[in-house]
Amino acid sequence: MKQKIRKSLKYSFLDGTFFSVMFGFGDSYLTPYAIMLKATNFQIGLLSSLPGLLSSLLQIPAPLCTEKVGRARIMKWGVFIQAMMWLPILLVPYLFHRHAAGWLIVAVTFYLLAGSVAGPAWGSIMSQYLPAKKRGEYFSWRQKIHGAIALVATFSAGYILYLLPRTSITGFSIIFGVALVCRFISWHYLSRMHEPRLLCKPETVFTLWDFLSRARKSNFAKFVFFAGAMSFAVNLSSPFFSVYMLRELKFDYLSYVIVISSATLATLLSLSAWGRHSDRFGCMKVIRFTSLLIPFVPVLWLVSTSKAYLTAIQLLSGFAWAGFNLAITNFIYDAVSEAKRVRCIAYFNLINGMGVFVGATLGGWLIAKLPPISGSKILTIFVLSGILRILVRSAFLPRLHEVKKVEEMTHLNLFFSVLGVKPLIVFVQDALRIE
């Protein structure tokens, strides 16, 4: 069994490697692709929100289907279909000269639907491979390497687009072709992963209604609604950073990729530290700290349009989101037993996806309605998103608690410890008399 798990972790790593290349060449440029196809702001919001909505609804029957069909089979078919969907995404401007942006939304929706089917099954299998104490360290190590690969891929794809005329479809055809090939290679390795036996007792089976009815008492249910509410607040603005840079600030693709990739760079540099700290001090400690920083990220975009300044803001964003996302994922694994994990991940994806849908759709609609700040209505959305992130944090986090025994640490100590500046901690403690 240990030999099978070691081999499966190797195959999973190779799957993740080619997935990262696909993500860098593909997913990272879907919004710029839509902008090139002259999508409206509402369509940009719909590109982010509609796949999230349908993927969320698909999570309702997903646990039952997974239990009947098998996690490995669901995972393989989901990824295979996802790989196939790069072909219609690539061909949209050639087949549909009119309404190309609308057809792109349809193709991307099916692409993300296929991935959402595979997600809970993959998460359940991977969590069985790893002991609880090692998950934070392992996933941070894995994400660090795959993030570096995705960063190189994103830069490479951006440089290809930069070399070609801004309105050229050829560049997007090239990078999406690479994405298609890499996802098929990813599927090949993923299909070789071993599926550990999972015992499902009757008492571990619960419906969506059962889950929702426990919302007031269940710590995990409250956590899921916190994540969904935060996704709503974040996605009110997140689809429009690309629009702001490419359409309003007129960035070329090379400048665009430098700004967006700086967040990935900060993520890579901090992931290992976040993983160690979430294992030692708890996921909720990391979530509480990073959610203090996250609301400031969109608001800081109002200060300057300098590329150097925006790159610095993205470094802060990557640092905060690295810890937040890693802790969110690991908290699910910590809080839920193996037998309940597929269902809980599916219901988490459902609530989270609903938040993405409502946030992105509402953001796209509000842009036309709100008054501008410094001549830009997108900046108004950024401010509103920041305010809502603060409100979500204040409303939900006081009600959540850690699910495992961890060491205590203040937010200030956590911040400097993640940065690896331990001598400064002592200095600041003495200066401010922090216990």
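Each reported figure results from applying straightforward, stated rules to the coordinates on display, with no laboratory input. Every value quoted in this text rests on a predicted model; they were computed, and no experiment measured them. Cβ coordinates were reconstructed from backbone atoms using ideal geometry, including for glycine residues, and neighbour counts include every protein chain displayed.
Tabulated data
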read-out	value
Global geometry of region 314-381, whether rounded, prolate or oblate, following the gyration tensor of its Cα atoms and the 1.5 cut on a/c	oblate
Under 10 Å, Cβ to Cβ, from A118 - net charge with Lys/Arg +1 and Asp/Glu -1	+2
Spatial separation of Cα centroids for region 159-173 and region 305-337, in angstrom	30
Unit charges on C-beta of K, R, D, E only; dipole of the chain, Debye	860
Per-residue HN-Hα couplings for region 349-362 [Karplus 6.51, -1.76, 1.60; θ = phi - 60°; Hz; x = Gly/Pro]	4, 4, 5, 5, x, 5, x, 4, 4, 5, x, 5, 5, 5
Residues whose placed amide H lies under 5 Å from that of S376, excluding near-sequence neighbours	none
Nearby lysines by direct alpha-carbon distance to K307 (threshold 26 angstrom, same-chain neighbours under 8 apart not counted)	K38, K144, K250, K377
Most fluctuating residue given options P51, P61, P120, as computed from a GNM of the chain linking Cα atoms under 10 Å	P61
Too-long pairs where the Cα-Cα distance tops 22 Å, listed order kept, from K7/K340; K134/K217; K76/K404; K217/K405	K7/K340; K134/K217; K76/K404
In Hz, Karplus ³J(HN,Hα) per residue of region 304-319 (6.51, -1.76, 1.60; θ = phi - 60°; x = Gly, Pro)	7, 9, 4, 4, 5, 5, 5, 5, 5, 5, 5, 5, 4, 4, x, 4
Built amide H within the under 5 Å cut-off of F251, gap 5+	L246
Among S317, V392, T380 the positive-end extreme of the charge dipole of the chain (Cβ point charges)	V392
Förster-model FRET efficiency, 22 Å R0, V383 and N325, C-beta, rounded to 0.05	0.40
Global geometry of region 1-103, whether rounded, prolate or oblate, following the gyration tensor of its Cα atoms and the 1.5 cut on a/c	prolate
Net charge over other residues, Cβ less than 12 angstrom from the Cβ of R393 (K, R count +1; D, E count -1)	+3
For region 76-118: rounded, prolate or oblate by the Cα gyration tensor [a/c cutoff 1.5]	oblate
Residue-by-residue Karplus 3J(HN,Hα) for region 183-192, coefficients 6.51, -1.76, 1.60, Hz, glycine and proline x	5, 5, 5, 4, 4, 4, 6, 4, 5, 9
Ellipticity estimate at 222 nm from DSSP helix runs (n ≥ 4, -39,500 (n - 2.57)) divided over the chain, nearest 500	-25000 deg cm²/dmol
Residue with peak Gaussian network fluctuation, the chain [Cα springs, cutoff 10 Å], from G45, G115, G24	G115
Selection of trypsin sites (Lys or Arg not before Pro), region 40-129, meeting DSSP coil and at most 13 other Cβ within 10 Å	R98
Max mean-square fluctuation residue, GNM over the chain, Cα-Cα springs under 10 Å, options T290, T361, T410	T410
